[in-house]
Amino acid sequence: MKVLLTDSVDMKARDILKSAGIEADVRPTMLEEELKEAIASYDAILVRSATKLNASVIERAENLRIIGRAGVGLDNIDLDAAKKMGIEVVNSPSGNSNAVAEHVIGLIFSLARNIHGAHSHVKAGGWEKKLFKGTEVREKKLGVIGLGRIGRLVSSAAAGLGMEVIGYDPYVKEEGVKGTAISLESIENLMRNSDFITIHVPLTDGTRSMIGKKELAMMKDGVMIINAARGGIIDEDALYDAITSGKVAGAALDVWKDEPPHESMLLKLDEVLATPHVGGNTHEAQVNVAVDVAEKIVKFFKDI
Ligand code: MLT
């Protein structure tokens, strides 16, 4: 058995595979053409998010039995193409949840106090304290869209900070939030009443552009928005208009419609705090996701 490890997957994955007697080739960065050439000689591949396993790559993977995604999102893998080729796909649904949730809390604080703006200001030689009168998060309403693992971790941390948490998730009923600090609301009420809104849903046909012009117009004046889930869930043009019109006071974006977002007009706005899709990028999380997926690959080969 031979596994290809790309995207700088943590080396704990290689160690686990090797100790199970599986050959592991490490090639951190590969161009699509290189991958197309190489993939036919592997039984498994382990990727993070940079490698795009689209249909034209997967069609060349004639010996591939399993794809491991060291992370949660499967949007860099063409699942239909994998299914057609009879290739199993596994991921790590929870290995980086805490990392993402902590990043979101950091982004909320940064937006509330404009830490990013103050940092750039002082580094550029400024000392105008009056430019940086922030807002406190205690007793503010946080709207959490999507109550999976990450949404719930963010909710409990936010409640610990004294925030009031309003949650929306079409798959969660009242019993599902019993004993938590989350009060379930319709999406419209969440949008109308939240001071901060954070998104924790996957990108699907149903969630693409779910925050658009209409939804932004519904929100409270001065709302702050955080997206560390997936780009494309917020319509970036509509967000740009909502920020420049003063409706939205700030947005913290870790994920983008196109990554890297070099062409995005949003990068030009001071109100936008930008990070390069690093929500899940902690030492701990990268070990967790690599170990999870390597163990799944070992088990897969043991069971067949
Ligand atoms: C995930 O899907 O696991 C996170 O967005 C982080 C990543 O893309 O690796």
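Worth pointing out:
- With respect to the stated conditions, residue 287 is at pLDDT 95 or above, within 16 Å of the ligand (Cβ to nearest atom) and touching an Asp or Glu at 6+ places or on another chain (Cβ under 6 Å).
- Meets criteria (in a helix (DSSP H, G or I), touching a residue at least 40 places away in the same chain (Cβ under 8 Å) and touching a strand residue (DSSP E or B) at 6+ places or on another chain (Cβ under 7 Å)) for residue 151: yes
- Here residue 87 qualifies as in contact with a Lys or Arg (Cβ under 7 Å, 6 or more places away or on another chain) and under 29 Å from residue 257 (Cα atoms).
- Residue 158, sole failed condition from (1) part of a loop (DSSP other than H, G, I, E, B); (2) surrounded by 15 or more Cβ atoms within 10 Å (Cβ to Cβ): (1)
- Filter pass, residue 237 being under 30 Å from residue 44 (Cα atoms) and away from the ligand (no atom under 16 Å from the Cβ): no
- Of the residues making up the stretch 67-88, those that are within 13 Å of the ligand (Cβ to nearest atom) and either under 13 Å from the mean Cα position of the chain (by Cα) or under 21 Å from residue 11 (Cα atoms) (or both) number 9.
- When the helices (runs of 4 or more DSSP H) confined to the stretch 174-256 are screened for residues that are in contact with a helix residue (DSSP H, G or I) (Cβ under 8 Å, 6 or more places away or on another chain) and surrounded by 17 or more Cβ atoms within 10 Å (Cβ to Cβ), those reaching at least 2 such residues are found at 213-218, 236-244.
- Complete set of residues in the stretch 103-118 that are of a type outside the set (A, V, I, L, M) and away from the ligand (no atom under 13 Å from the Cβ): 106, 109, 110, 113, 114, 116, 117
The values are calculated or read from the model by the stated rules, or taken from the named source; none is laboratory data. Just so we're clear, the structure is a prediction, and the values are computed from it rather than from any experiment. Heads up, the Cβs are rebuilt from the backbone with ideal geometry, glycines too, and the neighbour counts pull from every protein chain shown.
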